[in-house]
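Student: Starting off with a structure, shown below.
The values are calculated or read from the model by the stated rules, or taken from the named source; none is laboratory data. Please read these numbers as outputs of a predicted model, since none were measured by experiment. With ideal geometry, Cβ positions are generated from the backbone for all residues, glycine too; neighbour counts draw on all protein chains shown. Side chains included, ligands, DNA and RNA excluded: accessible areas come from the protein's heavy atoms. Shrake-Rupley method; radii C 1.70, N 1.55, O 1.52, S 1.80 Å.
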Amino acid sequence: MNTKITLISKIIFVTLLACLPLSLENCSTDTVEFAQFAFNGATMGTTYHIIITGRPIDSKERSAIATSVDSVLLDFNRILSTYEDQSEISRFNRNESIHPIPASQKLLQVIKAGLDFCKASDGAFDITVAPIVNFFGFGFEPGENRFPTVDEIDSWLQLTGCDKLEVGDSVLTKSDPRITIDLSAIAKGDGADYVANFLMDKGHKNIFVEIGGEIVTHGHNKEGELWKIGIDRPTFGGAPGADLQHIIQLTDMAIASSGDYRNYREVEGKRISHTIDPRTGSPINHNLASVSIIANTCLLADGISTSVMVMGREEGLIWLENRDDVDGLLITREPDGSFKEYMTSGFKEYIFD
Ligand code: FAD
């Protein structure tokens, strides 16, 4: 088995590549035919890892690439981060006007994608879910340490729904001044696409871009093979990469995952997930532990993985099988603690082991 594997983790990313990408200097294994330049950094409250293979890249160019990727990501955060007070989305969230609000093309594009996922999933995916996410302490505001009352849930349900936002050519309109948006479920995936496209535009054809577990691949790794990616078994508290469910191989495709086993809290003795079912106003409560989706873009993979995570195994698998643009692996946690996997017929083709 090839041990040069890159592992998906939602919080911490682990790589078993021969060269561990710790810094610009110590992480290059140049050979004439398959030089590799790997670097990493922090963004969106998580980390990113990028690998470029192909022609040798000298230290000046490496430095320029790393600096420009950082700057691309800073611009991205300035538009889409609800964790930045002065970002465009934070200002939009605070704006209580119900009249059209001018918005950048980037914000409009991601919000439009969010509304499309909302419609396609019949409201399982919903970017207006922010008040509920925040109440449970998974968002950009400190949460409560209790379960909500029925009245609180009812009031949130008045404030959520994709019909409450309208995207125009250059404006956004809320139907209620209190509507707030949370793009955390899709913006990391879109960010990975954004960085990958930026690098491709610069002429790099063999790239691996990972932001907080969402991955875009193009071309080949330094062995000239498809990119190998490990999918973790969804064990609570398990170290990333310690226990793999599968290794998959990809090129010119993206993969995104959602799960209940890394981002959760205990409230009144009960474990609650950061994935919210907007149809009930509560955290999901079923045995689907993780979903990994492969698609042409990471934005698509990201939106679909959260949607399926909300739907649960049965509804999610049927929904996936009816789509021809994605493939998915679903892992359930069984009453005896074991895991069971389900996948779309096309997913098998990506499995390496
Ligand atoms: P995913 O499964 O991909 O998405 C789950 C998240 O989506 C939830 O946490 C919630 O926010 C939202 N959500 C839950 N249910 C639904 C639903 N039904 N429909 C739609 N959305 C839903 N975190 C920080 O701590 N500090 C930061 O500075 C920071 N900056 C960020 C900047 C940006 C631009 C983005 C996109 C995120 C940032 N984050 C930050 C958040 C963080 O990195 C992750 O995005 C977040 O923890 C969820 O990612 P995930 O992949 O684990 O979950």
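Student: Compute the acute angle (0 to 90°) between the alpha-carbon long axis of helix 105-120 and the principal axis of greatest extent of the alpha-carbon atoms of the chain; round to the nearest 10°.
Tutor: With both axes taken from Cα atoms, the answer is about 70 degrees.
Student: Let me ask you something else. Looking at the square roots a ≥ b ≥ c of the eigenvalues of the Cα gyration tensor of the chain, which shape do they give, rounded for a/c under 1.5, prolate if a/b is larger than b/c, or oblate?
Tutor: Oblate is the answer for the chain, as a/c is 1.5 or above yet b/c matches or exceeds a/b.
Student: Then there is this: Cut-off 16 Å, label point 7 angstrom out along Cα-to-Cβ of Thr235: give me the residues of the stretch 320-337 whose amide nitrogen falls inside.
Tutor: 332-334, 336-337
Student: Here's something else I'd like to know. At what distance in nm do the modelled label points of Glu334 and Ala242 sit from each other, each positioned 7 Å from its Cα along Cα→Cβ?
Tutor: 2.2 nm
Student: In what order, largest first, do Asp58, Asp126 sit by accessible area if the probe radius is 1.4 Å?
Tutor: Result, largest first: Asp58, Asp126.
Student: Where a Cα-Cα gap under 17 Å defines reach, which lysines qualify for Lys106, not counting those fewer than 8 residues away within the same chain?
Tutor: Lys188
Student: Mind telling me which of Thr82, Thr217, Thr280 comes out most flexible in a GNM of the chain, alpha-carbon contacts under 10 Å?
Tutor: Largest GNM mean-square fluctuation: Thr280.
Student: Heavy-atom accessible area of Met200 with all protein chains present, probe 1.4 Å, nearest 10 Å²?
Tutor: Around 70 Å² of this residue is reachable by solvent.
Student: Given a cut-off of under 8 Å on Cα pairs at least six residues apart, what relative contact order in percent is computed for the stretch 69-134?
Tutor: Worked out over the stretch 69-134, it gives 16 percent.
Student: Sticking with the crude label model, points 7 Å out along Cα→Cβ, report the distance from Lys106 to Asn287 in nm, one decimal please.
Tutor: Taking the two extended label points, one gets 4.3 nm.
Student: If we sort 101-108, 298-305 on the protection proxy, mean other Cβ atoms within 10 Å, highest first, what's the order?
Tutor: Per-residue Cβ counts within 10 Å, averaged per peptide and sorted highest first, yield 298-305, 101-108.
Student: Also, I was wondering about something else. I'd like to compare 249-261, 152-164: which one has the highest average count of other Cβ atoms within 10 Å, and what's the full order after that?
Tutor: For the peptides 249-261, 152-164, the packing ranking is 249-261, 152-164.
Student: Using a/c under 1.5 as the rounded threshold, could you call the stretch 110-234 rounded, prolate or oblate? The axes a ≥ b ≥ c are square roots of the C-alpha gyration tensor eigenvalues, and prolate needs a/b larger than b/c, oblate otherwise.
Tutor: prolate
Student: How much of the accessible area of the chain, in percent, comes from carbon and sulfur atoms when a 1.4 Å probe is used?
Tutor: So the carbon and sulfur contribution to the accessible surface is 51 percent.
Student: State in Å² the accessible area per residue of the chain; use a 1.4 Å probe, count heavy atoms of protein chains only, and round to the nearest integer.
Tutor: 43 Å²
Student: Moving to a separate point now. When only C-alpha pairs under 8 Å and at least 6 residues apart count, what is the relative contact order of the chain, in percent?
Tutor: About 17 percent, as a whole number.
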